[in-house]
Structures are given as structure tokens and as C-alpha cells.
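Data block below; observations after.
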Amino acid sequence: MLPSEGSVLGIDVGCSETKRSSAICRLDWTATTVDWVVRRFRATEDERVAAITALADRPLLAAAFDGPLRRGLDEIGAYRRAERLLTLGFQPRIGKPGQSNSPVGRLLNRHANACARAVLATGTVRSARHPHAIDDRAIVEAFPSAWLGMLIADPETLDATRKDRSDRFYRHAADRGILPAAIAHLLPGRSHRDFASVTDHDERAALVCSLTALGVAAQDYVAVGDAQGWIVQPPAVLIQRWARDLLAINDARCGGGVAVVGRPDEDEAHIASGAERRAACQCGKLSVTCSVEPVRVSVCHCLACQRRSGSAFAAQARFPADCVTMNREARTWRRTGDEGGGATFHFCPDCGSTVYYRADSQPDLVAVALGAFADPTFPSPQSSNYEGRRQSWVAITGDIEHHD
């Protein structure tokens, strides 16, 4: 549980002594707001220490670094389990981490160690409380590209290359409400700046590193690795199903190395089975988590549902009410249907998106708007209803019941 106010730090580690390709981001929050400040610097001792001293000027709950780290801040010089776990199956979708035993990996390791030592020298980082600590203070290794990629339902459709992958992932996550949803999960009920306002590559990476540190401070993250170092990834509840499945496969293939911190019983099953699903509004501030598969998926063509959804039809998935949790209170609107039945619709007070509703006739079920899951692999509908009011150009195909 995070305090009502606090700060974390993220550093995108660069190696250039001539270009400001390193960046540091301090993310601060109060009871009502989230904000951040970013500063870029060259990989020289003077600029590194000056930038870190300027931003690490207050108590920090955690700090995350985009570069290889292990306990003792020793040089690594080996291909680590963490790197293998995030390469197998992941490379064609979201890329892979650099190898710590390559010349570039060794250089990045040295610069990451220098940044970590400079942060530790400020004396502002809280004592480590997370189970995968590499130091007495709460410093961790981040990998922004994978952190972002695991939040995206279909990253391969973005046609990203090695050079622009991180930026494409960031823009997609900012534009589709994925980053606001991550903030809403970790720091609910707070306003924040538009993530799309951050346009520099290194500043984006530093901001994602600070979000990595935020997960560690909240004790809500997935860690990948072993004694040679742990790479921290997003909270398990936010990770897309394809990535959960790969993590489970790689964990078995590599003899372990994937650890979930947060809600162990719930999230371990989540990684292993991919059963848990999460839906969110457009701005990400209202979300629901469904711990089981839907009992029914349907489409409705009635005129009221067309108006409500703003589309030619509405699609929804029903779940047992006791298997659905909401992250905050929603605003509601009640409607009486053509046949006299009532339903209460729950929508985000900020962006207005309807996320779920409850029908009087089905008090034990919650119907969640299918589009709110943003998951192209979601199960197909089993029934299509009120087809007498279906738009003439719409055709619902497949093995499905059709009702007028």
C-alpha cells in the first residue's frame, strides 16, 4: 500500500559522454495528483552526479534503472536467466534485453552501476522492503520496452523495429489509455498530466523506469531473474494474456525465475492460467477485474444499446458478481427497457465511458462492456439479440444463437 504522498525515481541509463542520452525522472504524488519532472544528462561523472543530486533531493520510496544490475553492484559479464526469460517467445513480439556478456552489455552495466551508486550516495532511497532486493536500499533494474510491451494486447501489429520499438509502444500506450490505467491501478483517484506530452525518447524511458519503481514501492510487480539480477515488470494484473502465458511457459522451461509480488494467491494463478481479465474506461480511471472467464458473451442490437454504445450494436460479457472487483466508485444511470426490466449502468465520472452494468433480472451477474477489455482474443459472442433492429449492413457470423 502506497502512502498518500511520496516520490520514486527512474533513470534511463545512457553511455554517451557527448550527447545527453541519459535521463532521470522523479515521479511525485499527493492525495489528488500525480506529476513528474525529467532532466537529461551526459554519461560523465560531473553531469551524472549533478542531475541525480538535483532530483534525488527528497525521500524516495524506490529507484529503478534501465541497465543491468545485481547485488553488490558487481560487474555481471554473463548471459543471465533474466535475459533468457525475456527473450524466449518475446523477441518477435516486443524485442529482447541486451546480453550482459556482450561488449555493449558490459558497458551499460558499468554506467548503470555508476548511476545506482550516485543515487545511493544521496542517502534519500528508502530501505528495501521488496523480496527481490539487490541492495539494502530499494533500487531495482528496469526494462522499459518490455514493461510497455507486456501491457499491449497485440504489439506485433504496431510494426515496430529495434530502433523505434520503445517509442511506438509508448505512443500506443499513451494514446490508448494504457499508461493512465497503470497509474489508476497503482495510484487510484488522482489526476495527472497527459503522457502523450512526453515526446523525447530518453525522457519517455526514464518515466517508464519511474513507473517500474512505483510498482516496487507498492509491492505490486512481476520480477524475472535470479541471483544474477532481477528485471522488474508491471503488476501482474496489468499484463496481457499472451505475455502471462509466455512467462508461465518460460518459467517452466528455465526451471523457475518468474516471481509475482502483490496478491500472491490471486496473481500466481493469473500468470499460470491467464484467467483473470481487466476492463477499463477510455481514460483508465475506472476499471474492473474479472477473476474468471465470462459465463456468457452476447451482442444486442436494440436501439437503446445502440445509443448507449454509440455503435451499431453493443457487445458485453457477463461474469458472476462475486468474481468482479471495481477499483473505484462509478457514476450511475438507470434505464427501464422495452419489456419493463431495469438496468443500472456504471460509467467513469471523468471520461463518461460505460464500463459495466447490472440488470435487475440477473442480480448475480455483472455485464462488462466487451470493448473495455481491449483484447482482440476475447471469446466470441454466443448469442445475437434483437436482430429485428439490426443495422442492415451488420452480419454476426460464426457458431452463434440468433434471436429477434
Cα-centre dipole for the chain with unit charges at Cβ (Lys and Arg positive, Asp and Glu negative), debye to 20: 640
Normalised by the residues of the stretch 6-273, what does the relative contact order come to in percent, with Cα pairs under 8 Å and at least six apart? 25
Rounded to the nearest 500 deg cm²/dmol, what is the calculated helix-only ellipticity per residue at 222 nm for the chain, with -39500 (n - 2.57) per DSSP H run of length n ≥ 4? -8000 deg cm²/dmol
Kirkwood Rh and Cα Rg combined as Rg/Rh, the chain: 1.02
Projected-area average for the stretch 158-316 over all orientations - Cα convex hull basis, square nanometres: 12.0
Scanning the chain for trypsin sites (Lys or Arg not before Pro) in DSSP loops with at most 11 other Cβ atoms within 10 Å, what's the longest stretch left with none? 194-404
Fewest to most neighbouring Cβ within 10 Å: what's the order for MET326, MET1, MET150? MET1, MET326, MET150
Given that compact globular proteins tend to follow 2.2 N^0.38 Å, what is the ratio of the alpha-carbon Rg of the stretch 268-404 to that value? 1.03
Computed from every Cα-Cα pair in the stretch 99-155, P(r) in 5 Å bins starting at 0 and rounded to whole percents is 4, 15, 17, 19, 20, 15, 7, 2, 0
Set of lysines near LYS19 by C-alpha distance (under 18 Å), chain-local residues within fewer than 8 positions excluded: LYS163
As computed over the stretch 58-111, the Cα convex hull volume per residue (Å³): 112
Scan the stretch 291-388 for GluC sites (Glu not before Pro) in coil per DSSP, keeping those whose Cβ has at most 16 other Cβ atoms within 10 Å, and list them by number. GLU329, GLU339
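Read-outs throughout are calculated quantities, based only on the coordinates presented, and are distinct from any laboratory measurement. Keep in mind that this is a model prediction, so the values were computed, not measured. Positions of Cβ are generated from backbone atoms using ideal geometry, with glycine treated the same way; all protein chains shown enter the neighbour counts.
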